[in-house]
1. Select from the stretch 105-125 the residues that are touching a Leu at 6+ places or on another chain (Cβ under 9 Å), in a helix (DSSP H, G or I) and farther than 24 Å from residue 8 by Cβ and list them in ascending order.
2. Here's a check for you: in the stretch 131-148, which residue that is hydroxyl-bearing (Ser, Thr, Tyr) and surrounded by 10 or more Cβ atoms within 10 Å (Cβ to Cβ) is farthest from residue 99 (Cα to Cα)?
3. Looking at (1) aliphatic (A, V, I, L, M); (2) at pLDDT 95 or above; (3) surrounded by fewer than 18 Cβ atoms within 10 Å (Cβ to Cβ); (4) more than 12 Å from the chain's Cα centre (by Cα), which is the only condition residue 26 fails?
4. Could you grab me the full set of residues in the stretch 86-104 that are hydroxyl-bearing (Ser, Thr, Tyr) and either in contact (Cβ under 8 Å) with a residue 12 or more places away in the chain or assigned to a helix (DSSP H, G or I) (or both)?
5. Looking for whichever is surrounded by 15 or more Cβ atoms within 10 Å (Cβ to Cβ), part of a loop (DSSP other than H, G, I, E, B) and out of contact with any Pro (no Cβ under 7 Å at 6 or more places or on another chain) here; the options are 34, 55, 19. Which one fits?
6. Kindly list the number of the only condition in (1) within 26 Å of residue 138 (Cβ to Cβ); (2) touching a helix residue (DSSP H, G or I) at 6+ places or on another chain (Cβ under 9 Å); (3) of a type outside the set (Ser, Thr, Tyr) that fails for residue 106.
Amino acid sequence: MNETDILEAVKQHWGWTGINPEKVIAENEFGNLIMQDEDGSFWRLCPEDLYCDPIADDKDEYNELVKDEEFNQDWFMDVMVHKATEKYGELESGKKFHLVEPGALGGKYAVFNIIPVAFEQMIKFSGELAHKIQRAGGKKVNYTSLQE
């Protein structure tokens, strides 16, 4: 996916959160995105935890955040990326590692719960599931997991 496709997919499937992204700042192997919104704020899309939230009000605040060791450990997910790459090899173009059962719903951050999927599918699946949960007021919802 190119940047335009990513931004359009986020607008379509996560726009209900209030995000209107205009630029992708960073992405990782698990499909997390840091985007700059049209209002200058910075947002993080975290598909495995089913959220897309503001993380910084402006560039200065974002520059401070990325110096934080805990933020960087969470962002880079080095151990999980290493384990997933050992199992599946390098990701094919357009794919990201995906938690079959999202962490937000009790899914484990373990290799048995990870598969590579098309990035566009992941954005759609996570946005629709997160919206379904939000509309249900946080109650348990039924969903069908993405498959390879």
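The values are calculated or read from the model by the stated rules, or taken from the named source; none is laboratory data. Computed from a prediction, not measured in an experiment: that's the story for all the values here. In this analysis, Cβ positions are derived from the backbone assuming ideal geometry, glycine residues included, and neighbour counts consider all displayed protein chains.
1. 105, 113
2. 143
3. The single condition residue 26 does not satisfy is (4).
4. 88
5. After applying the criteria, what remains is 19.
6. (2)
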